[in-house]
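Novice: I am attaching a structure below and will ask some questions about it afterwards.
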Amino acid sequence: DVSSPKHGKVDPDNMPHVGGNMWAGGTGGRDTAGLGGKGGPYRLDAGHRVYQVSQAEKDAVPEEVKRAAREMGEKAFKRRLKEIQMSEYDASTYERFSEAVRRQVQSLRIILDNLQ
């Protein structure tokens, strides 16, 4: 069961963590920032294979936990914008321009990776 969203512990060795309720950047778990889990405050990719919980499990997260996770995610987003000296308007403008060229950038990354 989910209880309350949190960032989670950071693994200094960046080992893959699947499931559970402890590690930031893990996959398929609960309550912590990561990918493929449920009830976490925001997505956090530690570069490991993603294990996805079912949509039914995600839908079963209580509304108060979803609300707390959204609030925590918004606070983290605003804190990050402040760190990089960017306003919310700047972020939405950046996202609009970034979305327009996302496919081209991805293609270019693949080409450059292959050249290396």
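The values are calculated or read from the model by the stated rules, or taken from the named source; none is laboratory data. Note that the structure is predicted; figures quoted are calculated from it, not measured. Counting neighbours? That spans all protein chains shown, and the Cβs are built from the backbone with ideal geometry, glycine included. Accessible surface is based on the protein model in full, side chains and every heavy atom, while ligands, DNA and RNA are left aside. Shrake-Rupley method; radii C 1.70, N 1.55, O 1.52, S 1.80 Å.
Novice: Please find, within the stretch 80-112, the residue that is farthest from Arg43 (Cα to Cα) out of those that are open to solvent by less than 100 Å² (accessible area, probe 1.4 Å) and among the acidic types (Asp, Glu).
Specialist: Step by step, filter the stretch 80-112, then rank; the result is Asp90.
Novice: Here is a check on your reading of the model: is Glu74 in contact with a Lys or Arg (Cβ under 7 Å, 6 or more places away or on another chain), without any contact (Cβ under 8 Å) to a residue 60 or more places away in the chain, open to solvent by 60 Å² or more (accessible area, probe 1.4 Å) and of a type outside the set (A, V, I, L, M, F, W, C)?
Specialist: Here the answer is no, as Glu74 does not meet what is asked.
Novice: Output the residue which, of all residues in the stretch 45-67 that are touching a residue at least 24 places away in the same chain (Cβ under 8 Å) and within 15 Å of the chain's Cα centre (by Cα), is most open to solvent (accessible area, probe 1.4 Å).
Specialist: Among them, the one singled out is Arg49.
Per-residue answers, yes or no, for (1) under 30 Å from Val18 (Cβ atoms); (2) under 18 Å from the mean Cα position of the chain (by Cα):
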| site | (1), (2) |
| --- | --- |
| Gly36 | yes, yes |
| Arg70 | yes, yes |
| Asp90 | no, no |
| Ile110 | yes, no |
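Novice: Moving to a separate point now. Tell me which residues, restricted to the stretch 1-31, are open to solvent by 20 Å² or more (accessible area, probe 1.4 Å) and not in a loop (DSSP other than H, G, I, E, B).
Specialist: Residues satisfying the conditions are Lys6, Lys9, Val18, Trp23, Arg30.
Novice: Give me the pairs: first residue in the stretch 19-41 and without any contact (Cβ under 8 Å) to a residue 24 or more places away in the chain, second residue open to solvent by less than 20 Å² (accessible area, probe 1.4 Å) and of a type in the set (Asp, Glu), beta-carbon distance under 6 Å, and six or more apart or on different chains, which are they?
Specialist: So the pair list comes out as Asn21/Asp31.
Novice: Here's a follow-up. So the check is Cβ under 7 Å with 6+ separation or different chains; which pairs have a first residue in the stretch 92-116 that's free of Cβ contacts under 8 Å to residues at least 60 places away in the same chain and of a type outside the set (Lys, Arg) and a second one that's open to solvent by 100 Å² or more (accessible area, probe 1.4 Å) and in a helix (DSSP H, G or I)?
Specialist: Listed by first residue and then by second, the contacts come to nothing, as the list is empty.
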